[in-house]
Each structure stands twice: as structure tokens, then as C-alpha cells.
Amino acid sequence: MKVIVCIKQVPDTKGGVAFNPDGTLNRAAMLAIMNPDDKAGLEAALRLKDQYGAEVTVLTMGLPKATDMLREAYAMGADKMILVTDRVLGGADTWATSSTIAAAIRNLEYDLIITGRQAIDGDTAQVGPQIAEHLGLPVVSYTQNLKIEDGYAIVERQFDDRYHVLKVQLPCLCTALAELNEPRYMTVGRIFDSFDAEVITWGRKDLTTLEDKNMGLAGSPTKIAKASDKVKKGKGVKINLDTEESVAYLMEQLTGKHII
Ligand SMILES: Cc1cc2nc3c(=O)[nH]c(=O)nc-3n(C[C@H](O)[C@H](O)[C@H](O)COP(=O)(O)OP(=O)(O)OC[C@H]3O[C@@H](n4cnc5c(N)ncnc54)[C@H](O)[C@@H]3O)c2cc1C
């Protein structure tokens, strides 16, 4: 069985978020980590390796510094590392990101693709399902438990206060929740090995199925019109009514504005 796990390097937002004066994220001031949902997805893949001898490939699209994260994944137990990087791929929105990753995956053999549900920086939760759509694969989002039986993935999919159990024929794509499991630590031996292991690096020319119109900034239909970290507060209103009248007034205002 061959499993591909898409992992993204993201700024660690636990200690707060740093902004540049122009309102963009100050990535240099924040630690870079493996996206938490992706780490759980990787752990799920490594458990399939422990159980069935699955081959686990980790793939990322990003800057060359993302190799640190790939080596971390290798030190946890991944077998192959792929970095997709090229200046012409920069400025990609989710459409261009998923088109590029799907083109990279078309170069590989796979039975199962795992992505995180959501990246903690971009936060859209679009890339996983979009990759599946590009590749014509069934997708199960919000995976909270995963087993493989006779060519099928048996997936518990989180749903409000309950879960669905879905049986999906392989190959398929699952998007993992951080709650899926407790990711293992790197081992000392594999940390050393990770520095000798090859990071396969692909650029634009290696992505033969990727069309120019679907990549980079020019191939990104989403345009950021404005970014702001400040929530504007409206002017306050002072009212002088008794309790009952105040409640009636508040109800009228809230329903009038369709808040309740
Ligand atoms: C116009 C525009 C320009 C942008 N320019 C930039 C830019 O210059 N630099 C920049 O960093 N961001 C840029 N972004 C943000 C970029 O769109 C997102 O980071 C990216 O598309 C992924 O979306 P997301 O973070 O919401 O991922 P989600 O959809 O929340 O991610 C879900 C899962 O998909 C997988 N995944 C997502 N991205 C990757 C990846 N790169 N590699 C491997 N797996 C992945 C992971 O498993 C992840 O858990 C730009 C966005 C727009 C709209």
C-alpha cells in the first residue's frame, strides 16, 4: 500500500500572531511548524506502515526551508520526501495550490492520500477536497478514525455531536483532524538518518500535467481586496429605560439586524 501525506509548514500561532506594519503576517517572527492536522494525518499513515508495511511519502509545496519539516516527518518514520518549489508557483491561492499538488501527485503511485482538514494559517479547509476533485477521487473530510480493510478505507467522519462511519473504495483522499491520534515523537536514529536522506525536489518543469493558467499568482482566481487585524466598533448607544423596556428594546434591535 502506498500512502501520500500532504503536509504544510505553517507559523506557530500558539504564542500569538505577529503582524508586519502593513497588516500581513510576519512569518519571520514566528516559529515554523508542521500543521497540526497534517501531523495527525502523518501519524495515521505511519500506523498503516506499522500494520501493513505501507510506504509513506510526504509531500509539500513551499519554500526550500520547508525541507526542515520534511526531515521532521522522515524522522517520525516517513519513507520518501518530496518538495515542490519554484518561484513561478508563488502567490498561489487554494485553487492554484491544489492544482499544483494534484499535478505532483500524478507523478506518483498511491492507494490513499491524506491531507489535514485545515491549515492553521490559511484556514480555508479547501485544499484537500480540491486535490481529490482534480484527481477524480472520493473524499472523506473530518476523519477522526481510519482503518483499511480489503481495499476499502473505513472512516469515522466527525459530524456535530456524533460521527458517520463511511466505507470508501481505495484510492481515496481523507482529510485528517488533529484529534485523530497522538503523533509519535521523532527517534534519535531517524533524526540522524533524515539528514542523509534525499529530498526529491520538483519544480515547474516536473509538473507536466499542470497548466500555466492554473498556477502561481496569475492562476489564482482569489484576490485579497483588503486585510485588517482590527475589528471596527460602531458608535455606542446610551439608553435610559427600565429592565423590561431595555429587554424589549434589545430584542427589537437584535431581531431587526437579523442577529437573532
Ligand atoms: C491571492 C492569494 C495570494 C496568496 N499568496 C500567498 C503567498 O504568496 N504565500 C503564501 O504562503 N500563501 C499565499 N496565499 C495563501 C495560500 O492560498 C494558502 O496558503 C494555500 O492555498 C493553502 O490554503 P490553506 O492554507 O487555506 O489550506 P487548507 O485548505 O486549510 O489546507 C488543508 C490541507 O491541505 C494541505 N495543504 C495545504 N497547503 C499545502 C501545501 N502548500 N503543501 C502541502 N499540503 C498543503 C495540508 O494537508 C492542509 O492541512 C495566498 C492566497 C491568495 C488568495
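The values are calculated or read from the model by the stated rules, or taken from the named source; none is laboratory data. Just so you know, these numbers come straight off a predicted model, no measurement behind them. Every residue, glycine among them, receives a Cβ derived from its backbone with ideal geometry; neighbour counts consider all protein chains shown. For accessibility, only protein heavy atoms count, side chains too; no ligands or nucleic acids. Shrake-Rupley method; radii C 1.70, N 1.55, O 1.52, S 1.80 Å.
List of remarks:
- Taken over segment 113-131, the criterion of being modelled with pLDDT of 95 or more, more than 6 Å from the ligand (Cβ to nearest atom) and part of a loop (DSSP other than H, G, I, E, B) is satisfied by Arg117 alone.
- Scanning segment 41-65 for residues that are within 10 Å of the ligand (Cβ to nearest atom), under 15 Å from the mean Cα position of the chain (by Cα) and either part of a helix (DSSP H, G or I) or surrounded by fewer than 22 Cβ atoms within 10 Å (Cβ to Cβ) (or both) yields Gly41, Leu42, Gly62.
- Residue in segment 81-93 that is in a helix (DSSP H, G or I), in contact with a Phe, Trp or Tyr (Cβ under 8 Å, 6 or more places away or on another chain) and within 30 Å of Ala227 (Cβ to Cβ) present: no
- Test for Leu89: is it within 22 Å of Ile33 (Cβ to Cβ) and more than 16 Å from the chain's Cα centre (by Cα): yes
- Pairs meeting the criteria (first residue in segment 123-141 and on the phi > 0 side of the Ramachandran plot and open to solvent by 30 Å² or more (accessible area, probe 1.4 Å), second residue more than 6 Å from the ligand (Cβ to nearest atom) and of a type in the set (Lys, Arg), beta carbons under 9 Å, at least 6 apart or on different chains) are Ala125/Arg117.
- Between Tyr142, Tyr110, the distinction of being farther than 29 Å from Leu25 by Cα and either within 9 Å of the ligand (Cβ to nearest atom) or not basic (Lys, Arg) (or both) belongs to Tyr110 only.
- Asp38 being surrounded by 18 or more Cβ atoms within 10 Å (Cβ to Cβ) and charged (D, E, K, R): yes
- When the strands (runs of 3 or more DSSP E) confined to segment 145-241 are screened for residues that are open to solvent by 40 Å² or more (accessible area, probe 1.4 Å), those reaching at least 2 such residues are found at 152-159, 162-169, 199-202.
- Taking the criterion of being part of a loop (DSSP other than H, G, I, E, B), without any contact (Cβ under 8 Å) to a residue 40 or more places away in the chain and within 15 Å of the ligand (Cβ to nearest atom), the residues of segment 19-40 that qualify are Asn20, Asp22, Asn26, Met30.
- Restricting attention to segment 86-107, the residues that are open to solvent by 30 Å² or more (accessible area, probe 1.4 Å) and more than 10 Å from the ligand (Cβ to nearest atom) total 5.
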